[in-house]
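Q: What follows is a single structure, and I will ask about it in a moment.
The values are calculated or read from the model by the stated rules, or taken from the named source; none is laboratory data. Quantities reported herein were computed from a predicted structural model and do not represent experimental measurements. No Cβ is skipped: glycine too gets one built from the backbone with ideal geometry, and neighbour counts run over all protein chains shown. To get the accessible areas, we keep the full protein, side chains included, count just its heavy atoms, and leave off ligands, DNA and RNA. Shrake-Rupley method; radii C 1.70, N 1.55, O 1.52, S 1.80 Å.
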Amino acid sequence: MAAFAAGLLLPLAFAPFDLFPLAVLSPALLFVLWSDASPGRAAFRGFLYGAGMFGLGVSWVYVSMHHYGNMPAPLAGLAVLLFVTGLALYPALFGWWQARFFSVRGAWHAMVLLPSLWVLFEWIRGWFLTGFPWLNLGYSQVTSPLAGYAPWLGVYGVSFFCALSAGVLAGGVRAPEKFLKLGLPLFAVIWIGGWLVGKIEWVQPAGNPLQVTLIQGNVPLDSKWRPDSRAAIMSRYATLSAAAPKSDLIVWPESAVPAYLDEIDAGYLEGLRRVSHAARVDFLLGVVERDKDRRHYYNSVVSISPQPGIYRKLHLVPFGEYPPLEPLFSWLMRNLQIPMSDFSSGAPDQPPLFAAGQKIGVSVCYEDAFGEEVIRTLPSATLLVNVSEDAWFGDSLAPHQRIQMARMRALETGRPMLRAANTGPSVAIDHHGDVLARSPQFQIHALTASVQPMQGATPYVRLGNWPIVLWVFLMAAAVMATRAQKRLAKMP
């Protein structure tokens, strides 16, 4: 059960606990447990590790399904068990593979192969079956020196240096005499190097700072979509916006108005346009949109500004926003009572929205968990905005983990990130990933902050994930080739 306990440690490295050194210690313990294990035992230990890691780290899935999706507790428990089991197969396969092909596992195995494979498996998990990039090691490091690698190589690059640090520690356990000569200096180079390269500025201010207000309606899900609640909700958002301090931009969260865009009273929208013109404040509103034939529905963000526009969510949430493999998962969809859960995706080449004199890269809900998607509007966009409905997560780990992801997006892109969430916390983040302002959770609140739009491009914005993915693939391939060469040399 040591592997399971090591897996339980890893979620504590992430928000809201923020014990970031555990993101090095926890994988190091797993690497040590794999050091003398057969392929079958390594797979089993990897599975136990994944069960502990995801069982605690994504426990919020049960909250979403049972408390807010109204799924009966036994079915929700079964669904979460299957979900965690599927995720635990990643470290299980990782463990089997490295043990199957490497019967002799020295320091280079721990310090080169395992960190490389860790990142490759994170990357695969980030796109396979639409992707689930939760608990990537790099996210835990937004306040550590390793965060300096984010503008260069993104979250997977930070994950690599985190896993490399773990490999150095694990290699030191196997060969203590080499640790002081090789391991400790390498460990110091990794961490000091992250601090040094993080001092390089890739971006510059774009105009003057903006005064922004994020409206947090704190509307309960159980009443949000009731027709008799609509007028009160719309009044709440309008009142909070009118009472906000003088701002350049006001952002409402995901599906803030519980109605289709074409159902909203024309006088209500016209009132917002008049406020926008008179007070010189632009709006970004989370809305639900449908086309004229009412066959396609979109989770959208509308800008009310001199250049109005619409962003339609591209990366939809399986089961929450569309039914994947419906015949196979029909039992689950029957029990998930999620309103408006059959959306269509927006176009992949949508331009930034224009508001407050800035080009804004918009994402909806968990789209900001995918760095390769956020950079699509860059370097054109000077500001990032994410709107979310975090009421689905309740008082769980998820809202805090999602803020950590948003901070990583700011670090990667060199752009401030505004995140407006219905139940909060809503946050304003600067281009260094630091939280400028944060709202209290589960309270009606208007969060106002000053942010500086930025221009320019980090290496990650220009090249995306490919440099780090290619690097770890080549490193793993080099170790494999070296092993094959040694085997051939021993043959008669």
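Q: So, in nm, how far is label H277 from label D36 when the simple model puts each one 7 Å beyond its Cα toward the Cβ?
A: Spacing of the two 7 Å Cα→Cβ label points: 7.9 nm.
Q: Related question: Taking all protein chains as present, what is the carbon and sulfur share of the accessible area of region 112-210, in % to the nearest whole number, probe 1.4 Å? Each step should come with its number before you reach the end.
A: Numbers: 2930 of 3900 Å².
Heavy-atom surface of region 112-210 belonging to carbon and sulfur, 1.4 Å probe: 75 percent.
Q: Using θ = phi - 60° and the Karplus curve 6.51 cos²θ - 1.76 cosθ + 1.60, what whole-Hz ³J(HN,Hα) does each residue of region 147-155 get, with Gly and Pro shown as x?
A: Residue by residue, region 147-155 yields 4, x, 7, 4, x, 8, 10, x, 5 Hz.
Q: Another question about this same structure. Just from its helices, what would the mean residue ellipticity at 222 nm be for the chain, if runs of 4 or more DSSP H residues each count -39500 (n - 2.57) and the sum is divided by every residue, rounded to the nearest 500 deg cm²/dmol?
A: On the way: 15 runs with 208 residues, N = 492.
It comes out at -13500 deg cm²/dmol, rounded to the nearest 500.
Q: Continuing with the same structure: When the Karplus curve 6.51 cos²θ - 1.76 cosθ + 1.60 is applied with θ = phi - 60°, which whole-Hz ³J(HN,Hα) does each residue of region 267-283 get, with x for Gly and Pro?
A: With coefficients 6.51, -1.76 and 1.60, one gets x, 5, 5, 5, x, 5, 5, 5, 4, 4, 6, 5, 8, 6, 10, 9, 10 Hz.
Q: Binned at 5 Å from 0, what are the whole-percent values of the Cα-Cα distance distribution for region 186-296, short to long?
A: 2, 9, 16, 16, 13, 9, 7, 6, 6, 6, 5, 2, 0
Q: Please state the relative contact order of region 236-301 as a whole percent: Cα pairs under 8 Å, 6+ residues apart?
A: Rounded, it is 39 percent for region 236-301.
Q: Restricting to Cα pairs below 8 Å that are 6+ residues apart, what does the relative contact order work out to for the chain? Please round to a whole percent. Present the calculation step by step, with values, prior to reporting the outcome.
A: On the way: 997 pairs, mean separation 86.4, N = 492.
Reported as a whole number, the value is 18 percent.
Q: Something else now. How much length is gained if the chain between W466 and D342 is pulled fully straight, taking 0.36 nm per residue apart and subtracting their Cα-Cα distance, in nm to one decimal?
A: Details: separation 124, 0.36 × 124 = 44.64 nm, distance 3.24 nm.
So the chain would gain 41.4 nm between W466 and D342.
Q: I need the P(r) histogram for region 369-492: all alpha carbon pairs, bin width 5 Å from 0 out to the longest distance, whole percents.
A: Values per bin, smallest distances first: 2, 11, 17, 16, 13, 10, 8, 6, 5, 4, 4, 3, 2, 1, 0, 0.
Q: Here's a follow-up. How large is the charge dipole for the chain, taken about the Cα centre, if only the Cβ atoms of Lys, Arg (+1) and Asp, Glu (-1) carry charge, to the nearest 20 debye?
A: Values: 37 positive and 31 negative charges, 295 e Å.
The dipole magnitude comes to about 1420 debye.
Q: Counting just the Cα atoms, what span does region 28-90 cover along each of its three principal axes? Round to the nearest Å and put the largest first.
A: Per principal axis, max minus min of the Cα coordinates gives 46, 20, 14 Å.
Q: Ok, one more. Ordered by residue, what ³J(HN,Hα) values in Hz, to whole numbers, does region 418-423 give under the Karplus form 6.51 cos²θ - 1.76 cosθ + 1.60, where θ = phi - 60° and Gly and Pro are x?
A: 9, 10, 9, 10, 3, 9
Q: Roll a 1.4 Å probe over the protein chains and send me the accessible area per residue for the chain in Å². Before the final figure, lay out each step's value.
A: Details: 20540 Å² over 492 residues.
Spelled out: the 1.4 Å probe surface of the chain, per residue, equals 42 Å².
Q: State the extension gain, in nm to one decimal, for the chain segment bounded by T130 and V189, taking 0.36 nm per residue of separation less the distance between their alpha-carbons.
A: Details: separation 59, 0.36 × 59 = 21.24 nm, distance 3.59 nm.
Extra length available between T130 and V189 comes to 17.7 nm.
Q: Taking the inverse of the average 1/r across all pairs of different Cα atoms in the chain, what Kirkwood radius in Å do you get? List each step's numbers first, then the result.
A: Details: mean 1/r = 0.0423 Å⁻¹.
Answer for the chain: a Kirkwood hydrodynamic radius of 23.6 Å.
Q: Using alpha carbon centroids, what distance separates region 8-23 and region 129-161, in Å?
A: The distance from the Cα centre of region 8-23 to that of region 129-161 comes to 13 Å.
Q: Could you pull the Rg and Dmax for region 1-124, using just the Cα atoms, both in Å?
A: 15.5, 51
Q: Using +1 at the C-beta of Lys and Arg and -1 at the C-beta of Asp and Glu, which of I304, P253, P227 has the Cα lying farthest in the positive direction of the dipole of region 227-325?
A: I304
Q: Of the heavy-atom accessible surface of region 247-316 (probe 1.4 angstrom), what whole percent is carbon and sulfur? Can you show the working numbers first?
A: Numbers: 1540 of 3120 Å².
Summing carbon and sulfur atoms, their accessible area is 49 percent of the total for region 247-316.
Q: While we're looking at this one, here's another question. For L182 and A243, FRET efficiency with R0 = 56 Å and r from the beta-carbon atoms, rounded to 0.05?
A: Numbers: r = 61 Å, r/R0 = 1.10.
FRET efficiency, A243 to L182: 0.35.
Q: Of the peptides 279-286, 69-76, how do they stack up when ordered by the mean number of other Cβ atoms within 10 Å, highest first? Show your work: numbers first, answer last.
A: Values: 279-286: 22.6, 69-76: 16.2.
Going from most to least packed, we get 279-286, 69-76.
Q: Of G95, A356, P453, which is farthest towards the positive pole of the chain's charge dipole, taken about the Cα centre with +1 and -1 on the beta-carbons of Lys, Arg and Asp, Glu respectively?
A: My answer, from the dipole projection, is G95.
Q: Excluding ligands and nucleic acids, what accessible area in Å² is computed for K199 using a 1.4 Å probe, to the nearest 10?
A: Taking all protein chains as shown, K199 has close to 130 Å².
Q: In nm, what is the difference between 0.36 nm times the number of residues separating R294 and Y268 and their Cα-Cα distance? Walk me through the intermediate numbers first.
A: Values: separation 26, 0.36 × 26 = 9.36 nm, distance 2.21 nm.
In short, 7.2 nm is gained.
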